[in-house]
1. For a label point 7 angstrom out from the Cα of B:S136 toward its Cβ, which stretches of the stretch B:207-246 have the backbone nitrogen within less than 12 Å?
2. What FRET efficiency comes out for the pair C:Q158/B:A225, r = Cβ-Cβ distance, R0 = 45 Å, nearest 0.05?
3. How far is helix B:213-243 tilted, in degrees, relative to the longest principal axis of the Cα atoms in chain B, given as a value from 0 to 90 rounded to the nearest 10?
4. Residues of the stretch C:68-100 with amide nitrogen under 19 Å from the 7 Å Cα-to-Cβ point of C:T199?
5. Which net charge results for the neighbourhood of C:C159, defined as the other residues with beta-carbon distances under 15 angstrom from its beta-carbon, given Lys and Arg at +1 and Asp and Glu at -1?
6. Where the only charges are on Cβ atoms (+1 Lys, Arg; -1 Asp, Glu), what is the dipole of chain A about its Cα centre, to the nearest 20 debye?
7. Would you mind checking C:K71/C:K246; C:K71/C:K192; A:K41/C:K246; C:K141/C:K246; A:K195/C:K246; A:K77/C:K246 for any pair whose Cα atoms are more than 28 angstrom apart?
8. How high is the FRET efficiency from C:R69 to A:S180, r the C-beta distance, R0 35 Å, rounded to 0.05?
Amino acid sequence: MLKLYDYELSGNCYKVRLLIEFLGLAVERIPVEFYPAQEHKTAWFLAINPLGQLPVIDDDGLILRDAQAILVYLASKYDDLGRWYPRDSAELLGDIQMWLSFAADLNGTVALARLHDSFFHDCDVAHCRAAAHRLFRLIDQHLWFAEQIGQDWLCSPTHPTIADIACFPYIMLSEEGGVSRLPYPAIRRWTDRVKRIPRFTLMPGIFFASALPA
Amino acid sequence: MSGERPVQFPNRWFPVARIEEVVARHIVQAQVLGQEIAIWRDDTGFANAWENRCPHRGVRLSIGLNTGHELRCQYHGWRYSSRSGQCSFIPAQPDRKPANAIRATTYGCTEQYGFVWVNLSNTQPTAPLPSLVGDSFTTLRSTHVDAPLSRVKAFLERRRASVTDGGPPDLVEIDVPMRDPAENGTMRTTLLMQPMSDTQTVIHGIVAKALVGNDRLALLRSHDAYLTRLRDEIENLARRDDTHGR
Amino acid sequence: MQEQCSLITCEDPTALNAWYVVAAVCELPIGLERPARLLDAPLTLRRERGGTVQAWLGSSAEGLSLPCRQKFGYAWTSLGVPAQDIFDIPQYDEPHRRNMNAASVGVNVSGPRAIENFLDLAHFAFVHTNYLGVEPHTEIKPYQVNISEGGEEILATQCRAYQPVAALSAKQGYEVEYVYRVPHPYCALLYKAVATDPTRQDVIGLLLQPITEDRVVAHMLLSLLDDTNSDAALRGYQQLIFSQDKPILENQLPKRLPLNLRTEVSARADASSSTYRRWLNDHRVRYGTIPP
């Protein structure tokens, strides 16, 4: 069975949990206590991931770290419809990769601000917030123009991809790091749409959106 | 009942969102003159603008649910009906009808010229909307600026934009020459100011021409690029002035 | 000395003359200094090799030494002169107790708002859906709220809520009964009868360290009777529950608690909250509140 080394409050782990739900995969969640035990820095975990970071998956002996990489793998291997990561479209793959890298930028900015405010992570939080706002302006503009051509998702006109999953958690939790989404109406509409994806699941700090009229 | 002393708002209409952005089962979070507003459309199409605060324990209504006929607060599930704002259901006491006095604070809300407008004052009669364009128009993507309205206006005035005050100074309509890709000239554009707070402004825009398809997209993109550059200049100036203590 | 006094800007005597948790002792690195903030004042903490914890207002080199006690696994200090000792929790010292700090989490809200949320039952079905409550079982039956003889503590009893059961076990939910106790303006305790022995209680404590009027560190004390779960699992569950409350707290306006009972609408289920607001006013607590 697919194993996921996981921490409930981690947005990066949540990315993997989301795709696992969307794909209907069975998974064994192995809790690794990020706080207070800092279990991700202990010897047994470093033996699995020398970077000492979550999430990590173990799929029948194949070990992968990095949420974005795990999304690529799980979508490629288990998505029979080939929609979450459409390998037959070079354009889409390039586009998705662009936004996976953007998600990594979110990790280094808005996610750090959340770690600072909640868990007193030492960082230049003002810088993180300012950088987060620059990223939010960019993605808000992108989503707004996507809407103008009837596209509800970051990359594909017709369905969400792993790019949407990768960017969603830390955007949705941005206010925990003091980054308000009030100036970003297109982002706010997009987060509602992500929440309406069938089999969408929550993490603490996130609530369901209203269902659309039948 | 807003938690602190009541604030007097001017009897003015402010644009807060493009009509098509107030989508079904969504709650728009906006701000005017420091007051947060929850804007939402019920399933009949009626647009509500309410104080973004549940009267129970002060939680933002914008993190709650728009069920199509009411807003539900995320904290205790209290429900507030469209139009009246009246509390219709308190889950902790499901068999008791909530007292009439329990209601969300509602603001004047209307839709015209492609925008949703809000009037925060409770004085009657409410001021008329500024007259803008005829029946043919295209609304632009709105631009958020990290600068107060005074700075935005001062910048535009220095740029020799034709400033025509549509009324009291808080709402300023400015005609700015802009580039039209099809005509290689300029396009007369009206910018509408939404003073969010002492530190932020939203610039809405409208051109008096109905465009469709690729022409419309091209206009939206070129205007957005222009307004974004304008915004960056305003913010750079503001940062420079703040650094020098002005 | 005058320099240190100017580090204290809080002017609320009730707030100043109280004990506050400033750290879970086991989370303090030994021999290293850790900055902290309390009531807007900068502190320095240091856990010594022998087990004591020291606290200073300002730096350790030039700052004023503050009184520092340890209780329930936490380091407590005060910027003033507390009239009373830190309150007791008799259950904590019972044998076979699982005592630990579930987490110390920063929250951008005032202390009193966070205490009220802890005392509240009516949000279970909406904020802790399928954990502590579920629709349509949202009714909160009347409960009792009393203030102790000398006015030092609030006690809420017969607080009942419908608790759903985890998917793997029984099909029906059941009613749980809680007791809440407020022994301090910034601390609240929850008592829940243990399934295996209804004469004994699990105790969960919310011990707040007010950093500013609009920001706290929430230290969560667990004192549980549990034979099956690991420490990490017990902490993880409490972290999950609290993290569901966090966005609610951080979206409350105003951040400070209004003490005028007419400012916000209350329902019958809000008896604890109304009593707590009156009690804070009786004790003239001004830090983190909006006076009537």
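We did not get these values from a lab; they are worked out from the coordinates using the rules stated. Source: prediction; values computed, not measured. Reconstructed Cβ throughout: ideal geometry from the backbone, glycine too, with neighbour counts over all protein chains shown.
1. Within reach of a label on B:S136, which here means backbone N under 12 Å from a point 7 Å along Cα→Cβ, the stretch B:207-246 contributes B:208-212.
2. For C:Q158 and B:A225, the calculated efficiency is 0.10.
3. It is inclined by approximately 90 degrees.
4. C:90-97
5. Once all neighbours under 15 Å are counted, the net charge is -2.
6. I would put it at about 400 debye.
7. Exceeds cut-off: A:K77/C:K246.
8. So, using R0 = 35 Å, E works out to roughly 0.35.
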